[in-house]
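The values are calculated or read from the model by the stated rules, or taken from the named source; none is laboratory data. Keep in mind the model is a prediction, meaning the values are calculated, not measured. All Cβ positions, even for glycine, are placed from backbone atoms using ideal geometry, and neighbour counts span all protein chains on display.
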Amino acid sequence: MTTTPLALVGGYTTRGAPGLQSVRVHPSGRLEPLSVLEIESPSCVAWHPTLPVAYATNESAAGGVTAVAIDDAGHMRALGSAPTGGHPCHAAITRDERWLLTADYTGGTVSLIKLAPDGRPVATVGTTTIVGSGPDPERQQHAHPHMIATDVLGHSLICVDLGADTLTSLAITPDGALRQERTWHLPPGTGPRQIVALPDADSALVVGELSATLLRVRLGAADEAEVLAEVPTTTHPERSWPAQLTTYGDSVLVSNRGPDTIAVFTVGTSELDLVSEHPTAGRWPRHFALTEGLLLASNENSSTIEAFELGAGETIGRRVSSFATSTPTWVALRP
């Protein structure tokens, strides 16, 4: 087993990406290309928790997800695929490893896919349609599921919907049906993109792509999510479309497309404080990944992945390497 981590890089084949790439991440920050698997627009990549298998969403109008086996040398082979709703942009595996779910952005649906013990997709066994809209006439005409989060605030599954300004808890019945349980509404025009749990288990963080804000919320008995705090994701004056939301120790990191930065927040008892903001040395940082001592920022519109030193707390240090690849939208490090 190698001591340097493997990562998978996804992007849009409609914009020149070669497909799914495997790379070795060296301690220096250098990304070493290993192999390429030609699959359609693998925009999001999720590793299986315990198997050498990953799942790439095929973000197209037809929609689908492809399972890929990866060995320690980075060689990849397709294990199978399953259909989804239109333009799946996020995938998640349940804790029991029996199911894969996708958030289907233009389909307005969440798809449920049964997995075999070896990680192969058996079949798409069901979907559920998210209903709603918001005040943004271009982005919120109808629902746009953007993330399936697992194990947040006591809920095993939560769908984050950008178009409907909602968070919806989901359940999988014993016979394999997907059911909506509770829906919480966020302030109109938030355009929620991602949610992460906080260690206190009493509240969570949501990033609003359309409002360009970071919200701390509590999900209670009411239909409206309780907003405990809300702050801008950037100090820059230009319009921002925040994308990735990740916890790091006692800090929270958010990527800002437009200003092209990663902002670092601390989370207090009742406050969110932006303590630093760092340029990503490229354009449109859609996703970033953290590994020991490194932050890897995917700059989609400048076609690079930039590696930065990563220290304790809010410290993002100097850039240490740059990896050229067309339209990188996701970097998934092997668990």
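Against the list (1) surrounded by fewer than 16 Cβ atoms within 10 Å (Cβ to Cβ); (2) of a type in the set (A, V, I, L, M, F, W, C); (3) more than 25 Å from P33 (Cα to Cα); (4) at pLDDT 95 or above, the condition A312 fails is (4). The sole residue among S156, S111, S169 that is within 29 Å of H185 (Cβ to Cβ) and touching a Lys or Arg at 6+ places or on another chain (Cβ under 6 Å) is S169. Of all residues in the stretch 196-216 being modelled with pLDDT under 95 and among the acidic types (D, E), which is surrounded by the fewest Cβ atoms within 10 Å (Cβ to Cβ)? Within the stretch 196-216, the match that is surrounded by the fewest Cβ atoms within 10 Å (Cβ to Cβ) is D200.
Condition test on I113, is it under 16 Å from A171 (Cα atoms) and modelled with pLDDT of 95 or more? Considered against the rule, which asks whether it is under 16 Å from A171 (Cα atoms) and modelled with pLDDT of 95 or more, I113 comes out as yes. Yes or no: A91 closer than 20 Å to A243 by Cα and surrounded by fewer than 24 Cβ atoms within 10 Å (Cβ to Cβ)? Considered against the rule, which asks whether it is closer than 20 Å to A243 by Cα and surrounded by fewer than 24 Cβ atoms within 10 Å (Cβ to Cβ), A91 comes out as yes. Mind checking whether some residue in the stretch 243-264 is in a strand (DSSP E or B) and surrounded by fewer than 15 Cβ atoms within 10 Å (Cβ to Cβ)? No, the stretch 243-264 contains no residue that is in a strand (DSSP E or B) and surrounded by fewer than 15 Cβ atoms within 10 Å (Cβ to Cβ). Checked against the criterion of being within 17 Å of T190 (Cα to Cα), of a type in the set (D, E, K, R) and assigned to a strand (DSSP E or B), the stretch 230-242 has at least one qualifying residue. Scanning the stretch 1-55 for residues that are more than 21 Å from the chain's Cα centre (by Cα) and either part of a loop (DSSP other than H, G, I, E, B) or small (G, A, S) (or both) yields M1, T2, T3, T4, G16, H26, P27, S28, G29, R30, S35, E38. In the set D136, D175, only one residue is free of Cβ contacts under 8 Å to residues at least 60 places away in the same chain and either among the acidic types (D, E) or touching a helix residue (DSSP H, G or I) at 6+ places or on another chain (Cβ under 9 Å) (or both); that residue is D175.
One line per residue, one yes/no per condition, for (1) under 30 Å from P174 (Cβ atoms); (2) touching a residue at least 12 places away in the same chain (Cβ under 8 Å); (3) in contact with a Leu (Cβ under 7 Å, 6 or more places away or on another chain):
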| position | (1), (2), (3) |
| --- | --- |
| T4 | no, yes, no |
| L51 | yes, yes, no |
| A56 | yes, yes, yes |
| A91 | yes, yes, yes |
| W99 | yes, yes, yes |
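Please enumerate the residues belonging to the stretch 102-128 that are among the charged types (D, E, K, R) and surrounded by fewer than 21 Cβ atoms within 10 Å (Cβ to Cβ). The answer is K114, D118, R120.
For the stretch 322-332, filtering for residues that are surrounded by fewer than 17 Cβ atoms within 10 Å (Cβ to Cβ) and in contact (Cβ under 8 Å) with a residue 60 or more places away in the chain leaves 1.
In the stretch 268-289, the qualifying residues are those that are more than 16 Å from P242 (Cβ to Cβ) and among the aliphatic types (A, V, I, L, M), and the one that is farthest from the chain's Cα centre (by Cα) is V275. The condition of being under 19 Å from the mean Cα position of the chain (by Cα) and either aliphatic (A, V, I, L, M) or closer than 28 Å to R239 by Cβ (or both) does not hold for G189. Within the stretch 265-281, the set of residues being in a loop (DSSP other than H, G, I, E, B), at pLDDT 95 or above and either within 20 Å of R193 (Cβ to Cβ) or acidic (D, E) (or both) comprises T280 only. In summary, strands (runs of 3 or more DSSP E) completely within the stretch 56-156 and bearing 1 or more residues that are on the phi < 0 side of the Ramachandran plot and under 17 Å from the mean Cα position of the chain (by Cα) occur at 64-70, 88-93, 99-104, 109-115, 145-152. The condition of being under 20 Å from the mean Cα position of the chain (by Cα), among the acidic types (D, E) and surrounded by 16 or more Cβ atoms within 10 Å (Cβ to Cβ) holds for only one of E300, E292, that being E300. Please indicate, with yes or no, whether at least one residue in the stretch 67-83 is closer than 19 Å to L178 by Cβ and surrounded by fewer than 16 Cβ atoms within 10 Å (Cβ to Cβ). No. The residue that is surrounded by the fewest Cβ atoms within 10 Å (Cβ to Cβ), counting only those in the stretch 1-40 that are touching a strand residue (DSSP E or B) at 6+ places or on another chain (Cβ under 6 Å) and polar (S, T, N, Q), is T4.
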